[in-house]
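Notes for the one structure printed next.
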């Protein structure tokens, strides 16, 4: 089994997921997100719409919304961004927002302050079930992924997420992408 | 030889080294840098003085100067910072600035535009000669260094720099520190 487990890398810039209720407050009654471009995961898209977010120390004027609407609003930032906002955002898996800092979010039609939801996303790989089976990888397994080049490094604790709804893609944030000198479209290799 | 090669980590924020001539232009005739605090390397210090730097896309209002004066002016930024400035800064060893982008630097007494000198510093370890001898490490050797924790990773291509004037310290930038979840005062381990 000398099958090389090569994984496309996607570097995620800061972005926000919004609940239906918050889309209504921020963009107005009846407003819906419109698609700017599709993302690697089926059904997910970058919206044309952006919001401003304001932390205790700093702000970002234009944060891209990723759709469709989610059950809970969640802002995903790099650790660099979290320092700029003045927030101690923990490294978390998407959706696990208990005990995380809140943030003030401002849209064209209104604003909302959430009590929680700011995270640094834990590095992870989306596997389609068939990829995971072929490579013997289980959901939630922690993997090591090497990226080469002059800033080559090995990411540890990369969480495997397996679903028939996923497309093969490794998600890291801009700090991780810049530390490794990689951009979206580059490749990593699962080494363990 | 099961000696664990533990290395203190120093995370370098963006900073600038200035030539004597540029200190004169930026701070005025006869001006000298004053010490805010010493750095890990003997004789090096963070100065009280700062400058503004202006790139084609963005600026930083307060960039810390590290002293003493150097032969050539050099701005060291993270890849995140380079994108914000709008510059394609290459990964380089300190002092190797041929073919790198320039930058406009503004001080209280004047300004200067350098034609080159903006780099992303290559990750490296300063070894006192005695540390290098004890561990069998040669100047310019490329090492692998592991840092643990939830964002654990292994940095490859870490350049060894050996001198009787150095104190043991690994230097990475803020992207690398944030990607690994480490701060100055944490430790890494040379694994290869």
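Where a number appears in this text, it was derived from the coordinates with a stated rule and is not lab data. A quick note: this is a predicted structure, and the numbers were derived from the prediction, not measured. Positions of Cβ are backbone-derived with ideal geometry, glycine not excepted, and every protein chain shown enters the neighbour counts.
Annotations for the structure displayed:
- Applying 1/(1 + (r/R0)^6) with r as the Cβ-Cβ distance of residue A:98 and residue B:35 and R0 = 45 angstrom yields a FRET efficiency of 0.50.
- When restricted to Cα atoms, region B:92-192 yields an Rg and a Dmax of 16.3, 49 Å, respectively.
- Taking every residue in A:75-81 and counting other chain Cβ atoms within 10 Å of its Cβ, the average works out to 3.
- Relative to the other identical copies, residue A:20 shows label-point distances of 7.2 nm, where the label point lies 7 Å from Cα along the Cβ direction and values run shortest first.
- Cβ-vector label at 7 Å, residue B:116, separations to other copies in nm: 5.4
- All-pairs Cα distance distribution in the protein assembly as shown, expressed in whole percent, bin size 20 Å: 26, 53, 21, 1
- Taken along the Cα-to-beta-carbon direction at a fixed 7 Å, the label points for residue A:139 and residue A:6 span 2.9 nm.
- Percent of beta bridges antiparallel (DSSP, region B:14-120, rounded to nearest 5): 75
- Distances between equivalent label points of residue A:168 across the copies, with each point positioned 7 Å along Cα→Cβ, amount to 4.3 nm, shortest listed first.
- Among beta bridges that DSSP assigns inside the protein assembly as shown, antiparallel share in %, nearest 5: 70
- DSSP beta bridge pairing in chain A, given as percent antiparallel to the nearest 5: 65
- Each Cα pair under 8 Å and six or more residues apart adds its sequence gap; the mean of these over the residue count of region A:14-120 is a relative contact order of 31 percent.
- Take each residue of peptide B:42-51, count the partner chain Cβ atoms within 10 Å of its Cβ, and average: the result is 0.
- Angstrom value of the Kirkwood radius, inverse mean 1/r, which spans all Cα pairs in region A:14-120: 13.7
- Among A:66, A:18, B:168, the order by Cβ neighbours within 10 angstrom, fewest to most, reads B:168, A:66, A:18.
- Mean Cα-pair separation over length for chain B, i.e. relative contact order, pairs under 8 Å, 6 or more apart, %: 27
- Measuring how big chain B is from its alpha-carbon positions, Rg and Dmax come out at 17.2, 56 Å.
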